[in-house]
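Reviewing the structure listed below.
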Amino acid sequence: MILFLGDSFTWGQGLEWYLLLEKGWTKEQINKVIPPNHHNEHLPIELNDYREKNRWARLVAEHFDIGYDLGRYTNGGTNGDLYEIINNLAVLPDNIKLIVLQFTHSGRHTPLTPENVNKLFEDDTDIAIKTIERLKKRYPYTKIVTVSWLPELGELMESKMGEKYVIKINSDNNISYGFEDLAQVYNIYHEHKLNDYHLTKEGNKILARNVIEHIEKYNLLQKNDFYESKGIKIL
């Protein structure tokens, strides 16, 4: 299986609204249930299923035809949360082939200013590296790769860990160390004027494609050959 650890972008925040639009909800009606007006965890299960089916983590798992899970089952999260979540992971090492860490915005709880920006990036990089080292210790035979919201964090990560660990994002022929530029263009607010700035369905597809290409480039995970290995021919 692939284990994904991240924030609301990995969780798939906002994809639910597509189903409500299909059901005929107006922009005004949907805005009334967008966080913080309503917790997405409390939405009907069909909306939950729609979100899970269309988020980039699921698209990556579908490409490799392998099971996946999220280490965090609720919306949101910080980079510090990822470090703490590892202590509570109840997954056997033999069951994980690849871990994808999605790092969030460094200014999520401390606003970025010209005075503190460099320190916040450095602090987040230290947390990110500690997170990877802790995962390596607990899952020594599992491959690990990262994707960052902010390109500054992704670039620092590559300088300290190497390019194999950092997924670059190619969006409209613009290559970045993070998906911030992608989220600026392919976000739900711009597409439907809803009060949600998370990735659109197309944005999730683009992010998934970049993750897949990086995994294949560095041979981090092979497509599942379950049927072939059992001698079963699929028609």
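Computed quantities for the displayed model
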| read-out | value |
| --- | --- |
| Output for region 107-143, where each listed residue is open to solvent by 10 Å² or more (accessible area, probe 1.4 Å) and in contact with a Phe, Trp or Tyr (Cβ under 8 Å, 6 or more places away or on another chain) | Asp124, Ile127, Lys130, Arg134 |
| Matching residues, region 1-31, being among the β-branched types (Val, Ile, Thr) and closer than 18 Å to Ala208 by Cβ | Ile2, Thr10 |
| Neighbours by Cβ (under 7 Å, 6+ apart or cross-chain): first from region 173-184, without any contact (Cβ under 8 Å) to a residue 12 or more places away in the chain; second part of a loop (DSSP other than H, G, I, E, B) and surrounded by 12 or more Cβ atoms within 10 Å (Cβ to Cβ) | Ile175/Lys168 |
| Considering residues of region 158-176 that are outside any strand (DSSP E or B) and within 14 Å of the chain's Cα centre (by Cα) only, the residue nearest to Tyr218 (Cα to Cα) | Ile167 |
| Selection from region 122-137 of residues that are without any contact (Cβ under 8 Å) to a residue 40 or more places away in the chain and either farther than 13 Å from Phe103 by Cα or not aliphatic (A, V, I, L, M) (or both) | Glu122, Asp123, Thr125, Asp126, Glu133, Lys136, Lys137 |
| Any hit, region 7-30, residues being acidic (Asp, Glu), in contact with a strand residue (DSSP E or B) (Cβ under 9 Å, 6 or more places away or on another chain) and over 30 Å from Asp225 (Cα atoms) | yes |
| Among the residues listed as Pro36, Pro44, Pro93, the single one being in contact with a Pro (Cβ under 8 Å, 6 or more places away or on another chain) and open to solvent by 40 Å² or more (accessible area, probe 1.4 Å) | Pro93 |
| Number of positions in region 192-235 that are outside any loop (DSSP other than H, G, I, E, B) and not charged (D, E, K, R) | 15 |
| Odd one out for Trp56, checked against (1) surrounded by 13 or more Cβ atoms within 10 Å (Cβ to Cβ); (2) at pLDDT below 95; (3) at negative phi | (2) |
| Flag for Glu155 being assigned to a helix (DSSP H, G or I), modelled with pLDDT of 85 or more and out of contact with any strand residue (DSSP E or B) (no Cβ under 7 Å at 6 or more places or on another chain) | yes |
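Yes or no, residue by residue, for (1) of a type in the set (D, E, K, R); (2) within 17 Å of Ala208 (Cβ to Cβ):
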| site | (1), (2) |
| --- | --- |
| Ser106 | no, no |
| Thr142 | no, no |
| Lys164 | yes, no |
| Asn187 | no, yes |
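The values are calculated or read from the model by the stated rules, or taken from the named source; none is laboratory data. Predicted model only: the values in this text are computed from it and were never measured. No Cβ is skipped: glycine too gets one built from the backbone with ideal geometry, and neighbour counts run over all protein chains shown. Side chains are part of the model used for accessible areas, which takes the heavy atoms of the whole protein and leaves out ligands, DNA and RNA. Shrake-Rupley method; radii C 1.70, N 1.55, O 1.52, S 1.80 Å.
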